[in-house]
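Presented below is the structure to which this report refers.
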Amino acid sequence: MSCAVVSALPFPYDGPPALRGPVLAALTGVVDPELSLSIVDVGLVYGVSVAAGEVRVRVTMTSAACPVIDVIVDDIESALDRLLPEEIRIGVDLCWDPPWTPDLMSERARRFMQG
């Protein structure tokens with residue numbers, strides 16, 4: 001599975017249209033504890049695919065030394081676990097290429113960081 005960003009905001013999604021909104025809502029509810037912003041607004045979600053009974057979420061962190069990687073991954077899994085039927089497996093793939101940059105942040109997140 002490629003970790004490249006392949007489309008515009010908020011993140012690439014490949015799966016049933018009925019799950020796109022709920023998946024977006026679940027991931028928007030996951031907060032980067034260091035920034036107090038949604039991982040979607042920070043631009044950490046590189047993509048989501050749903051196929052063959054599995055959801056794969058490709059994410060990055062603001063740095064490889066991020067001390068809250070495990071917290072964020074656990075929160076992603078928990079948020080999706082509450083949303084999806086139990087027979088759907090959840091996987092989180094941590095990607096470092098392309099590296100995260102502030103350019104990936106939403107306009108809302110940029111305003112928050114400036115203010």
Looking only at residues in the stretch 76-115 that are in contact (Cβ under 8 Å) with a residue 40 or more places away in the chain and of a type in the set (Lys, Arg), which one is farthest from THR62 (Cα to Cα)? ARG82
How about the stretch 84-107: which of its residues are over 26 Å from ALA18 (Cα atoms) and either among the β-branched types (Val, Ile, Thr) or loosely packed, with under 15 Cβ neighbours inside 10 Å (or both)? TRP96, ASP97, PRO98, PRO99, THR101, PRO102, ASP103, GLU107
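Is one or more of the residues making up the stretch 53-71 at positive phi, in contact with a strand residue (DSSP E or B) (Cβ under 9 Å, 6 or more places away or on another chain) and loosely packed, with under 14 Cβ neighbours inside 10 Å? Full working, then the answer.
Narrowing the stretch 53-71 to residues at positive phi: 53.
Pick out the ones that are also in contact with a strand residue (DSSP E or B) (Cβ under 9 Å, 6 or more places away or on another chain) and you get 53.
This time we only want the ones that are loosely packed, with under 14 Cβ neighbours inside 10 Å, so: 53.
Yes, there is a match, as at least one residue in the stretch 53-71 is at positive phi, in contact with a strand residue (DSSP E or B) (Cβ under 9 Å, 6 or more places away or on another chain) and loosely packed, with under 14 Cβ neighbours inside 10 Å.
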Given the conditions (1) part of a loop (DSSP other than H, G, I, E, B); (2) of a type in the set (Ser, Thr, Tyr); (3) exposed (fewer than 15 other Cβ atoms within 10 Å of the Cβ), report the number of the one that SER78 does not fulfil. (1)
Collect the residues in the stretch 21-35 that are hydroxyl-bearing (Ser, Thr, Tyr) and either part of a loop (DSSP other than H, G, I, E, B) or surrounded by 16 or more Cβ atoms within 10 Å (Cβ to Cβ) (or both), keeping them in residue-number order. none
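So which residues in the stretch 50-75 are in a strand (DSSP E or B), over 23 Å from GLU34 (Cα atoms) and either touching a residue at least 40 places away in the same chain (Cβ under 8 Å) or of a type in the set (Gly, Ala, Ser) (or both), if there are any at all? Spell out how you get there, then give the answer.
In the first step, residues of the stretch 50-75 are kept if they are in a strand (DSSP E or B); the result is 50-51, 54-59.
Still in the list and also over 23 Å from GLU34 (Cα atoms): 50-51, 54-56.
Selection gives ALA51, VAL55, ARG56.
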Of the residues in the stretch 36-49, those that are touching a residue at least 40 places away in the same chain (Cβ under 8 Å) and not in a strand (DSSP E or B) come to VAL40, ASP41, VAL42, GLY43, LEU44
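None of the figures in this text is laboratory data; all of them are computed from the coordinates on show. Quick caveat: nothing in here was measured; it's all calculated off a predicted structure. Quick reminder, even Gly has a Cβ in these numbers, built from the backbone with ideal geometry, and neighbours come from all protein chains shown.
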